[in-house]
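Before any comments, here is the structure.
The values are calculated or read from the model by the stated rules, or taken from the named source; none is laboratory data. Please read these numbers as outputs of a predicted model, since none were measured by experiment. Here the Cβ positions follow ideal geometry from the backbone for every residue, glycine too, while neighbour counts run over all protein chains shown. Heavy atoms of the whole protein, side chains included, go into the accessibility calculation; ligands, DNA and RNA do not. Shrake-Rupley method; radii C 1.70, N 1.55, O 1.52, S 1.80 Å.
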Amino acid sequence: MGLVHEIDYGTKASNAAALVTLTIDGVKVSVPEGTSVMRAAMEIGTQIPKLCATDMLDSFGSCRLCLVEIEGRAGTPASCTTPVAEGMVVHTQNERLGKLRRGVMELYISDHPLDCLTCSANGNCELQDMAGAVGLREVRYGYEGENHLDSAKDVSNPYFQFDPAKCIVCSRCVRACEEVQGTFALTIAGRGFDSKVSPGMEESFFESECVSCGACVQACPTATLMETSVVEIGQPEHSVVTTCAYCGVGCSFKAEMRGEELVRMVPYKDGKANHGHSCVKGRFAWGYATHQDRITRPMIRAKISDPWREVSWDEAISHVASEFRRIQATYGKGSIGGITSSRCTNEETFLVQKLVRAAFGNNNVDTCARVCHSPTGYGLSQTFGTSAGTQDFDSVEQADVILLIGANPTDGHPVFGSRMKKRLREGAKLIVIDPRRIDLVRTPHVEAAYHLPLRPGTNVAMLTALAHVIVTENLYDEVFVRERCDLDAFTLWAEFAAAERNSPEALAATTGVDPQLVRAAARLYAKGGNAAIYYGLGVTEHSQGTTAVMALANLAMATGNIGRVGVGVNPLRGQNNVQGSCDMGSFPHEFSGYRHVSTPEVRQAFEVDWGVSLDAEPGLRIPNMLDAAVDGTFKGLYIQGEDIAQSDPDIKHVTAGLAAMECVVVQDLFLNETAQFAHVFLPGSTFLEKNGTFTNAERRIQLVRKVMTPKNGYEDWEVTQLMYLLTPRLIGSGSGSENFS
């Protein structure tokens, strides 16, 4: 097992349909029109030396190392900026080109530290590789002239360091910050020999507008920008591709390792959700996996006022089983339940809800994802027939108008936020509906066409006002509605929306937004081309969340903005596996796949598969569990990977409910707020220590791969399985323990 190497083609791929055939070093190759000569050469395995070129960025042509000869053309053009042409004959290597390249490389090396043996990039340095590729053996200019070798390091950023003495001013970091991240935190200051990479107005990285996404570090071909972890540990020797465990984007990473020590996380270019980009959390915030405060041994205590006592796994699990049996025998079958996690894998979530249904004998299982997901699930299922968003992330690249409501993607989903900003810089128009003036309202090279700062809680009124304009000004797509929608339902909706009480003017007192802004935004959304809606928890976590989701879906259908690339209604999920935890059956009224527990044929299918009889009554939601606990009828709770005492509303009610229980079992990495009320603490495992899958906001199911042995000894799913196997049956019928997988 070695490092996962990805081919760098030097320049981006062309999407043109027409093919062009040319000859490179005697070999014919056909590539899409618009492809660079450099990329065409790589398609046949010919690597032209390069330093400023990389296929994550637009062609730049500054390093002059990728020179080639083209028959019939004068000079030696840069292959990265030269497009292919029909019948072109290219020579990538001869005596003349070799001499030119060695001369260019001599100039670079004459102003570069010769500390390769002790350099943190040794063995993984493009400058080092290219010096070898061009056959450089000496530097005729010597090293005594003016240079930049005494430039001071910038170690202000906690995640990476900047050593300008090793900078070759290729501008890859500056271009990555602009083109990939869209922050524009870096620039090239000075001219000629005085040119240098500068964060902001010659500030330190920490004091600049840098957001530590790491795009500059990944783009750097030398050790100028280098992860602090690599400086301290050394270069990795093998890597495993896995999926980030932070937000709903679902970025793919190469976890680069030395043995079982994680050296760095590198965004995977073939990742379908992130395409080689990352945010600060995914790239750098993985230290919690080995943090000294992490709990790795099971602990129990009789009362929450007692100190914790470390025990073996067998004792901890046996204690849980004994306590849950006792509670059910005393208070009844429905006196215990479980909470699944949107941070855990699909497989782990599935097993927790199965433990509750098949072993506890009830449906008292819930998840935080119900609060943020159920309005989307129900709203979109009622309108579109499916419980999830309609597009993938790539679709935003074809959007002409973006309506963003109740979401802040640059903060909550930074990688997707960067893609959205890129599309906006290319000319797409933005409508922001949010009480806050989020960054996207105005940020470098991006400005919203309209910002509708509505009053909190008036989402439905605002969406109704938009619908009023679309209906009364005949901005709807009549052909689409007649061919694709329920015409009777549309007629009822249009009659309601057209009522004068729903006009922007009539609702201005409610929403607090200028009616003329509302009208202009509605016209842009309806007639601005491909219009896509993106929304977040600012829509769903309201008492009118479901109604607002349905209102958004109605706007999309009325204007024909559904069913093709660049349009749609797209929820931005919060945690990494919100979609998956719901798909797996974490709701008290639904089995996996959103199948209701009261449906006989559905229940029978699960009973046959699991070998147990199942309860037909929906179970308790989290607030109901807490209510019942305060009332004295709910006494035991298994919580995997959730911190309800920290995150749920009405903390006093949450803590009162937890304090009233007789056996609270918390399975997590750290002693969180909820663990203050726990009687048993089962140490959890991180995403780096387990195998499984996450389902991101696109509904993309991606592999999570184990890169190190769990510090606690078990993956989370194995702990849940132990609970089931050591508890053949609590209260209920059947055995079924042999089927628990």
**Request:** Might you check whether a residue that is modelled with pLDDT of 95 or more, surrounded by fewer than 24 Cβ atoms within 10 Å (Cβ to Cβ) and not charged (D, E, K, R) occurs anywhere in segment 564-572?
**Result:** yes
**Prompt:** When the residues of segment 387-444 are filtered to those that are in contact with a Gly (Cβ under 7 Å, 6 or more places away or on another chain) and of a type in the set (D, E), which remaining residue is surrounded by the fewest Cβ atoms within 10 Å (Cβ to Cβ)?
**Reply:** D400
**Message:** Return the residues of segment 269-285 that are open to solvent by 50 Å² or more (accessible area, probe 1.4 Å) and in contact with a strand residue (DSSP E or B) (Cβ under 8 Å, 6 or more places away or on another chain); say none if nothing qualifies.
**Reply:** D270, K272, K281
**Subset of segment 208-263 [touching a Pro at 6+ places or on another chain (Cβ under 6 Å) and among the polar types (S, T, N, Q)]** = S208
**Message:** Out of the strands (runs of 3 or more DSSP E) lying entirely within segment 651-733, which hold 2 or more residues that are open to solvent by 30 Å² or more (accessible area, probe 1.4 Å)?
**Reply:** 701-704
**Request:** Tally the residues that are open to solvent by less than 70 Å² (accessible area, probe 1.4 Å), in a helix (DSSP H, G or I) and either in contact with a Pro (Cβ under 8 Å, 6 or more places away or on another chain) or closer than 20 Å to G26 by Cα (or both), restricting the search to segment 59-104.
**Result:** 3
**Residues of segment 1-49 satisfying the condition of being surrounded by fewer than 23 Cβ atoms within 10 Å (Cβ to Cβ) and among the basic types (K, R)** = K12, K28
**Residue pairs meeting the criteria (Cβ under 8 Å; at least 6 apart or on separate chains; first free of Cβ contacts under 8 Å to residues at least 60 places away in the same chain, in segment 510-524; second part of a helix (DSSP H, G or I) and surrounded by fewer than 16 Cβ atoms within 10 Å (Cβ to Cβ))** = P515/E505
**Request:** Might you check whether a residue that is more than 23 Å from E642 (Cβ to Cβ), under 20 Å from the mean Cα position of the chain (by Cα), open to solvent by less than 40 Å² (accessible area, probe 1.4 Å) and hydrophobic (A, V, I, L, M, F, W, C) occurs anywhere in segment 236-248?
**Result:** yes
**Message:** Going residue by residue through segment 184-197, is there one that turns out to be outside any loop (DSSP other than H, G, I, E, B), within 27 Å of the chain's Cα centre (by Cα), buried (at least 16 other Cβ atoms within 10 Å of the Cβ) and not hydroxyl-bearing (S, T, Y)?
**Reply:** yes
**Members of segment 586-625 that are among the hydroxyl-bearing types (S, T, Y) and either open to solvent by less than 20 Å² (accessible area, probe 1.4 Å) or within 27 Å of D643 (Cα to Cα) (or both)** = S586, S592, Y594
**Request:** Select from segment 123-152 the residues that are under 28 Å from V231 (Cβ atoms), without any contact (Cβ under 8 Å) to a residue 12 or more places away in the chain and open to solvent by 50 Å² or more (accessible area, probe 1.4 Å) and list them in ascending order.
**Result:** D129
**Request:** State which residue pairs qualify: first residue in contact (Cβ under 8 Å) with a residue 40 or more places away in the chain and within 10 Å of F670 (Cα to Cα) and inside segment 279-297, second residue outside any helix (DSSP H, G or I) and among the aromatic types (F, W, Y) in any location, beta carbons under 7 Å apart, and separation of 6 or more residues or different chains.
**Result:** D293/F670; R294/F670; I295/F670; I295/F681
**Complete:** Scanning segment 349-374 residue by residue, the ones that are outside any helix (DSSP H, G or I) and either without any contact (Cβ under 8 Å) to a residue 40 or more places away in the chain or more than 15 Å from L614 (Cβ to Cβ) (or both) total 3
**Prompt:** Just a yes or no: is a residue in segment 36-48 within 22 Å of L19 (Cα to Cα) and touching a residue at least 60 places away in the same chain (Cβ under 8 Å)?
**Reply:** yes
**Fill in**
Screening Q181, Q161 for residues that are in contact with a Lys or Arg (Cβ under 7 Å, 6 or more places away or on another chain) and not charged (D, E, K, R) leaves only Q161
**Message:** Tell me yes or no: at least one residue of segment 28-45 is in a loop (DSSP other than H, G, I, E, B) and within 25 Å of N147 (Cα to Cα).
**Reply:** no
**Message:** I'm checking my understanding of the structure. Among residues of segment 273-321 that are under 27 Å from the mean Cα position of the chain (by Cα), assigned to a helix (DSSP H, G or I) and of a type outside the set (D, E, K, R), which one is farthest from V396 (Cα to Cα)?
**Reply:** T290
**Request:** Check whether at least one residue in segment 634-644 is touching a residue at least 40 places away in the same chain (Cβ under 8 Å), closer than 16 Å to F350 by Cβ, in contact with a Lys or Arg (Cβ under 8 Å, 6 or more places away or on another chain) and surrounded by fewer than 23 Cβ atoms within 10 Å (Cβ to Cβ), and report yes or no.
**Result:** no
**Message:** Conditions first: (1) modelled with pLDDT of 95 or more; (2) in contact with a Phe, Trp or Tyr (Cβ under 9 Å, 6 or more places away or on another chain). A302 passes all but one, so which condition is the exception?
**Reply:** (2)
